[in-house]
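Reading through the structure tokens given below for one structure.
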Amino acid sequence: SSSSEPQSVRNIGISAHIDSGKTTLTERILYYTGRIGAIHEVRGKDGVGAKMDFMELEREKGITIQSAATHCAWGDHDINVIDTPGHVDFTIEVERALRVLDGAILVLCGVAGVQSQSITVDRQMRRYSVPRLAFINKLDREGSDPDAVIGQLRDKLRLNAVAMQIPIGVSGDHEGVVDLLERRALRFSGPGGEEVEEG
């Protein structure tokens, strides 16, 4: 089948500064691709913990220490998702993961923006010529400002960043995004915002 052909397999890394929501994003990717049936909290308050944080210390502290890989499928592509550590103490672990990537997602907090480890991770991605996109997370948090974060991508990382989606409201008013490429609105509902409605 076509899903086993090498050109249909992608290794995608997810990297970020600690507490940017990287593992939570990975958990959502697994949920929306049907790989897992429920979204769990990173710090394991629900007694389960995030799928990608499998070490006891990771679940206890709510941080990723060791790169973890999982698989999902989207359309005709098989995707190996590699969740890398966000803490500066585990930079070597990130470097090891970057060598096998076809692309990466640089996760940024909508409030804190580009932080020290974001700069380190971006430098590593440049060194290994890893194509990347930035994902601005936590737009529902008080003080989130995606326009400021895009400005930081341009100023601090010297990236020619442009928004592919714009939020429908920010902070307490955040209810979805407008996909500028597909020209459609996506609204989030449900207890954890996991239900996506078009329109």
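Per-structure values
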| item | result |
| --- | --- |
| Burial ranking of peptide ranges 162-175, 138-151 (average Cβ count within 10 Å, highest at the top) | 138-151, 162-175 |
| 9 Å beta-carbon shell around VAL114, net charge (K/R +1, D/E -1) | -1 |
| Carbon plus sulfur fraction of accessible area for segment 128-199, probe 1.4 Å, in percent | 49 |
| Per residue, in Å², the accessible surface of segment 75-199 once ligands and nucleic acids are set aside, probe 1.4 Å | 56 |
| P(r), alpha carbons of segment 69-199 - 10 Å bins starting at zero, rounded % | 11, 35, 38, 15, 0 |
| Euclidean distance of C-alpha centroids, segment 147-162 and segment 109-141, integer Å | 10 |
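The values are calculated or read from the model by the stated rules, or taken from the named source; none is laboratory data. Computed from a predicted structure; not experimentally measured. Ideal geometry is used to build each Cβ from the backbone, glycine not excepted, and the neighbour counts take in all protein chains shown. What goes into the accessible areas is simple: the full protein's heavy atoms, side chains included, and nothing from ligands, DNA or RNA. Shrake-Rupley method; radii C 1.70, N 1.55, O 1.52, S 1.80 Å.
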